[in-house]
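K.L.:
Take this structure first; my questions come after.
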Amino acid sequence: KQEVTQIPAALSVPEGENLVLNCSFTDSAIYNLQWFRQDPGKGLTSLLLIQSSQREQTSGRLNASLDKSSGRSTLYIAASQPGDSATYLCAVNSGYSTLTFGKGTMLLVSP
Amino acid sequence: DAGVTQSPTHLIKTRGQHVTLRCSPISGHKSVSWYQQVLGQGPQFIFQYYEKEERGRGNFPDRFSARQFPNYSSELNVNALLLGDSALYLCASSLGQGALGYTFGSGTRLTVV
């Protein structure tokens, strides 16, 4: 059974800092991994999708890496802004028609 | 293009009642999945439907059921509601079974009193 862990559970940083969110998964046999953002009480917004054959994906100030063999992914946010404040969720697609999610990292960026 | 649309956005029900939640996928997407998210937790998989057939079921009781219609929209039904069913219910659509990722709707907030 796939299990996904996200560290840290919460993070508070001043505006402008670069930061790293971590995601680990127990079964390395994955199809892909997706990072989402969730604002309070809202749905999920897809940020980045990394296929199992890829090492990283970039979108603007976001960069996600994948090390499938070690069961790890990181989301790097450059020059953080208050608008980045949200919960970030990592989800693993192991090919069984489901996504397995971590509990998320709650990020607060203060001005 | 419209994204994934869910209705209603909010719902309050009494214990023991029945509820139906609705989802319309992105145009061209043939797969719909349902997830339950309780406060402070990541979403948990309930069902996936692809081409109107059930392709996956999570660890939820038989009170939960779903179906997909010929236009690929979907309904999630929950019978005999319990207080613990209070959650955000999320619908996701994908082209196939997730090879190109999933797009989520804004969710339905269900409160059971």
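K.L.:
May I ask you to list the residues in the range B:18-77 that are polar (S, T, N, Q), within 12 Å of another protein chain (Cβ to nearest Cβ) and surrounded by fewer than 15 Cβ atoms within 10 Å (Cβ to Cβ)?
P.N.:
B:Gln41, B:Asn59
K.L.:
Moving to a separate point now. Could you tell me whether the range A:69-79 includes any residue that is away from every other protein chain (no Cβ under 14 Å) and of a type in the set (Lys, Arg)?
P.N.:
yes
K.L.:
Filter the range A:55-111 for residues that are modelled with pLDDT under 95 and at positive phi; which is most open to solvent (accessible area, probe 1.4 Å)?
P.N.:
A:Gly95
K.L.:
For residues that are touching a Leu at 6+ places or on another chain (Cβ under 7 Å) and within 12 Å of another protein chain (Cβ to nearest Cβ), scanning just the range B:99-110, find the one that is farthest from B:Pro25 (Cα to Cα).
P.N.:
B:Arg109
K.L.:
Here's a follow-up. Can you find even one residue in the range B:32-49 that is outside any strand (DSSP E or B), under 13 Å from the mean Cα position of the chain (by Cα) and under 13 Å from A:Thr98 (Cα atoms)?
P.N.:
Yes, because at least one residue in the range B:32-49 is outside any strand (DSSP E or B), under 13 Å from the mean Cα position of the chain (by Cα) and under 13 Å from A:Thr98 (Cα atoms).
K.L.:
With the condition kept exactly as written, say whether any residue in the range B:94-101 is surrounded by 14 or more Cβ atoms within 10 Å (Cβ to Cβ), touching a His at 6+ places or on another chain (Cβ under 8 Å) and at pLDDT below 95.
P.N.:
Yes, there is a match, as at least one residue in the range B:94-101 is surrounded by 14 or more Cβ atoms within 10 Å (Cβ to Cβ), touching a His at 6+ places or on another chain (Cβ under 8 Å) and at pLDDT below 95.
K.L.:
OK, next. Among the candidates B:Val4, B:Val112, single out the residue that is surrounded by 15 or more Cβ atoms within 10 Å (Cβ to Cβ) and touching a helix residue (DSSP H, G or I) at 6+ places or on another chain (Cβ under 8 Å).
P.N.:
Answer to the check: B:Val112.
The values are calculated or read from the model by the stated rules, or taken from the named source; none is laboratory data. Keep in mind the model is a prediction, meaning the values are calculated, not measured. So basically every Cβ, Gly included, is an ideal-geometry build from the backbone, and we count neighbours across all protein chains shown. Just so you know, the surface numbers come from the protein's heavy atoms only, side chains and all, with ligands and any DNA or RNA stripped out. Shrake-Rupley method; radii C 1.70, N 1.55, O 1.52, S 1.80 Å.
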